[in-house]
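Heads up, the thing below is written out as structure tokens.
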């Protein structure tokens, strides 16, 4: 089979231009060591989807990776106006792709919940950083149900070629033909709840972070399908009393199915045992209070029982206001000889990490590892953040803070409210309000510093807060007010420079940063905020820089030249643009020793930026803020170990020496930009802040360090 490049070269396409376009998209993924992970988003534990690119330049789409089918399709700009579901999804536009090839063959694909129709086309497809030339479906008829409620745009079938409609070679088979994967397998991890890592598909291997022990394999029972046979004395059991499928039946492990489905007669028996009520056709609910007492359901595959507890097969929809919980079980009647069939969908895969082995025609299952760090359940999404039309006096914040507490905690008796001032901040003022000694329910009132709107987009800060909260990485945001916001107190200890040098702690910090860096946009390539902010800060201070300010502050002309040089030099390093904290000083890291994890706080400067800037900025903070000492800047070996932890958490596989060295060079070069950024910031603060801190001295320290380390950084070479 000719390669992607050979096909396009024959058509006279400019490969240099295409390589640049593909590079922008594929460098967002970490394809290496023969495996390629694709991060998934989880919507309500029922839809798990990841991002792919189609065309040149890549048009991005959110797709379900579906083992129950074998075709790739996405909605088309040619979708009929009669199908309004197309309007809410990303649409493929062949006229915008320089690598598009016409096919035109009509197709129809049937699913259990409906069918889609359209025509075939051919174009470049990028999946997890791997590029293939692929025939796919442009859907022109997309039914309202179920696709109006779908958060994904299309489907990428991970089934066998025999299942493909129109004789199309599936995407995974094209990838296998390139022989770039370590193994002819892919694996699927589905997380519980809608948080940072909603799930992951790994092409070419598996991710040991997400499962415990070794895989138990069962061979497929029918060639060309991910089906296995349920055999033995016990097939499907509910508690210890009910046995189903006694005559034997087929099991399909289906990553595209939301629920577990089985014969209607069996489902009714299960529902009777569970005491469930049928709210509507094939929609069963139980009182949420009964969930802990419901029996286990077990599937017996290959001589082993795979047991789901009630927490595994019951869904609690955060958008419902009643106390009814939905059972993730549906009826499905398929007659012999194909049936009866049980479909094990997302409800099963959340509990059991699954590997699909094409080389050996088998499926491996192992219990999924518990989520940790930012992947802990974040709880139901919150409504719009309340706003209170209250202004808190910066010079006397307690009266205003207590007024806010009366709004937020009306049940607290005023005479019982305690307060605690935090004095470490150098941007805002902060007070904690609580009634219990252990500060279990504690509200933090943050009052914005004077004229900090020059430095911080406060609306963007609230969006960042909500985004990180939605992914389980931030505390609850209770309200905003005229000049501040109130949020949940995070239990733990704020770290100092002496703590973040400890290997067991800097490992946790590296893992947490890697998780936050996986938050990504859908449908667009994010742009770094660094240069716009730097130039804006420079514009604000350049008229104030003169000998009367300080002879130690470089001249305006020098700073202007350095800023231009930084942008030109660092923009060429190809550091990925990711969601960054951008202000990870020690006091913004909270360590909870009881849970063994760290959390980051204060998201004023968070946003999309260069990966290497976020890390380099953190390394600079090893020196401290009040008593700055750059002798504490992490040594090379410390950095390399930190970066290994980070890369392995991000990739899910071992990092190569070259990858670590490359990131090391990028990080230390971007650390220069960090010095420059915060020096400009400090000059602005020097003009306006009422906080007791020598901002001018801090600016001089950062500028001095910038010019001191610049020659060393210039000498660093990027690994080839």
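Key figures for this structure:
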| read-out | value |
| --- | --- |
| Relative contact order for the chain, counting Cα pairs under 8 Å that sit 6 or more residues apart, in percent | 10 |
| Taking the range 521-605 and dividing mean pair separation by its residue count, relative contact order in percent (alpha carbons under 8 Å, at least six apart) | 22 |
| Extended-chain gain in nm, criterion 0.36 nm per residue less alpha-carbon gap, residue 491 and residue 390 | 33.6 nm |
| Burial order of peptide ranges 344-355, 328-339 (average beta-carbon count within 10 Å, highest first) | 344-355, 328-339 |
| Computed [θ] at 222 nm, deg cm²/dmol, the chain (DSSP H ≥ 4; -39,500 (n - 2.57); rounded to nearest 500) | -8500 deg cm²/dmol |
| Sorted by Cβ neighbour density within 10 Å, fewest at the top, the residues 565, 73, 226 | 565, 226, 73 |
| Gained length - residue 720 relative to residue 627, 0.36 nm times residue gap less alpha-carbon distance | 29.6 nm |
| Whole-Å distance, taken between Cα centres, linking the range 559-600 and the range 134-188 | 37 |
| The range 493-715, Cα convex hull volume normalised per residue, Å³ | 136 |
| Cα centroid of the range 664-720 to Cα centroid of the range 424-465, whole Å | 25 |
| DSSP-defined antiparallel bridges as percent of all bridges, the chain, nearest 5 | 85 |
| Reciprocal of mean inverse Cα separation for the range 96-152 (Kirkwood radius, Å) | 12.9 |
| Label point distance in nm, residue 77-residue 419, each placed 7 Å from Cα along Cα→Cβ | 5.9 |
| Spread of Cα-to-Cα distances over 5 Å intervals beginning at zero, given as percent, for the range 395-488 | 3, 12, 24, 23, 21, 12, 5, 1 |
| Approximate spin-label separation residue 637-residue 713, in nm, with each point projected 7 Å along Cα-to-Cβ | 2.6 |
| Sequence ranges 394-405, 169-180, 409-420, ranked by mean other-Cβ count within 10 angstrom, highest first | 169-180, 394-405, 409-420 |
| Relative contact order [Cα under 8 Å, 6+ residues apart], the range 562-720, whole percent | 20 |
| Taking all pairs of distinct alpha-carbon atoms in the chain, Kirkwood radius in angstrom | 28.0 |
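Coordinate-derived values only; no laboratory data. Worth saying up front: this structure is predicted, and the values here are computed from it rather than measured. Glycine also receives a Cβ, built like all others from the backbone with ideal geometry; neighbour counts cover every protein chain displayed.
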